[in-house]
Amino acid sequence: MKSKKIWGTVHPFYEEGSFLGRRVANLSFIRAFLKNNPFDEYHFFVGSPEIRDYLADRLQKDFPAAYAAGRFVLALHRELPYFLAGREYHCFHLSDCFVLFTELMQARAAYSRVWFPVTAPTHSLSYSEYGRKFLYHMWSGVSSRDAVAATSQAGKTVVGNMYAALRRNYCLDATRFIAPGVEVVPLGAAVEEMPGPAEKMSLGAAKRRELGLEESGRSPGAGEIIFLVFARLSYLSKMDLLPLLRALKRAEALGLAKNSYRLL
């Protein structure tokens, strides 16, 4: 008899709260993943009964057939040792490479019958305390199949440099303090959910002004350069706008006409 192919996680992926890029990315991933439906069962381990109930409600609404068929198993973190000891998991994937990433590997070493891979993506890499969190990744229980998924080649370089700097600065032996692999897995986009040309043309005047497509009745002219900035502007933790403005100033000094472009 063929054994079930079981996917596990210790994160809910569905999160309540403010609108953040991390939450949007995680929700988009789990919906696309479950829609593709590559596993027989999906086991979610979460931190409280309230989160479990919220997750159950969302999964039931988004995937009613799979939910009714019992393909979702929802349990609490404290139940994880029991499940690890009694089932063979194909893999665990987390929504963040810092929260419970190493703790899950430790639970695997203590309770699991199989050495399943543990994977998780990066999100922001800018916070000063991340050095300590990356240091926590490096220990003897890391498997060669455990991996951090960087969303860009630049992100992979940052993570790799962080592991190398920690190993060098703390004099860590590479055979005893093993780091997870780092693979590039770019963020995806659901093309079918994007507005088509007709929807773009039907944007109301207020929305067009909000998006910067109209300014005193003027739409972007032929040949006008539009610089798009895809970022959360925050000099404390995300993108600082000042270096961009300085770069534009330098570009003007090199010949970019002041009235030939727009920053959106």
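The values are calculated or read from the model by the stated rules, or taken from the named source; none is laboratory data. Just so we're clear, the structure is a prediction, and the values are computed from it rather than from any experiment. Don't worry about glycine lacking a Cβ; one is built from the backbone with ideal geometry, like all the others, and counts go over all protein chains shown. Just so you know, the surface numbers come from the protein's heavy atoms only, side chains and all, with ligands and any DNA or RNA stripped out. Shrake-Rupley method; radii C 1.70, N 1.55, O 1.52, S 1.80 Å.
Per residue, the solvent-accessible area of the stretch 224-264 (1.4 Å probe, heavy atoms of protein chains only, all protein chains present) comes to 79 Å².
What are the semi-axes of the equivalent ellipsoid of the stretch 52-180, taken as the square roots of 5 times the eigenvalues of the Cα gyration tensor, listed largest first and rounded to whole Å?
31, 19, 12
For the stretch 91-98, backbone phi angles converted through the Karplus equation (6.51, -1.76, 1.60; θ = phi - 60°) give residue-by-residue couplings of 6, 10, 10, 10, 8, 7, 8, 10 Hz, Gly and Pro being listed as x.
For the chain, the mean residue ellipticity at 222 nm estimated from helices alone is -11500 deg cm²/dmol, where every DSSP H run of n ≥ 4 contributes -39500 (n - 2.57) and the total is divided by all residues, rounded to the nearest 500. More than 25 angstrom separation, counting every C-alpha pair in the chain; what % is that? Of all Cα-Cα pairs in the chain, 58 percent lie more than 25 Å apart. With contacts taken as Cα pairs under 8 Å and at least 6 residues apart, the chain reaches a relative contact order of 13 percent.
The label point for TYR54 and the one for ARG250, both projected 7 Å from the Cα toward the Cβ, are 4.4 nm apart.
Computed about the Cα centre, the dipole magnitude for the stretch 1-43 is approximately 180 debye when only Lys and Arg (+1) and Asp and Glu (-1) carry charge, each at its Cβ. On the beta carbon distance between ALA257 and VAL184, with R0 = 51 Å, the FRET formula returns roughly 0.85. Remark: the chain carries a charge dipole of roughly 500 debye about the Cα centre, counting +1 on each Lys and Arg Cβ and -1 on each Asp and Glu Cβ.
Annotation: amide H of TYR261 within the under-5 Å range of ILE225, sequence separation 5 or more or interchain, hydrogens built in the peptide plane.
Only sites in a loop by DSSP and with at most 15 other Cβ atoms within 10 Å count here; which GluC sites (Glu not before Pro) in the stretch 65-168 make the cut? Here the GluC sites (Glu not before Pro) that fit, given the DSSP loop and packing criteria, are GLU88, GLU129.
With an a/c value of 1.5 or above and a/b not larger than b/c for the gyration tensor axes a ≥ b ≥ c computed over the alpha-carbon atoms, the stretch 122-181 is described as oblate. Answer with one residue from GLN153, GLY188, TRP139: the one whose Cα lies farthest towards the positive end of the charge dipole of the stretch 138-195, charges on Cβ with Lys, Arg +1 and Asp, Glu -1. Most positive-ward Cα: TRP139.
Using the heavy atoms of the protein chains alone and a 1.4 angstrom probe, what is the accessible area of the stretch 1-123 per residue in square angstrom?
Per residue, the stretch 1-123 has 50 Å² of solvent-accessible surface.
As a fraction of the 1.4 Å probe accessible area of the stretch 127-199, surface on carbon and sulfur atoms comes out at 58 percent. Only Lys, Arg, Asp and Glu carry charge here, each on its Cβ (+1 for the first two, -1 for the last two); on that basis the stretch 221-264 has a dipole of about 120 debye about its Cα centre.
Using the empirical formula 2.2 N^0.38 Å as the baseline, the Cα radius of gyration of the stretch 1-127 reaches a ratio of 1.03. Whole-percent P(r), the stretch 72-123, all Cα pairs, 5 Å bins from 0: 5, 19, 31, 28, 14, 3, 0.
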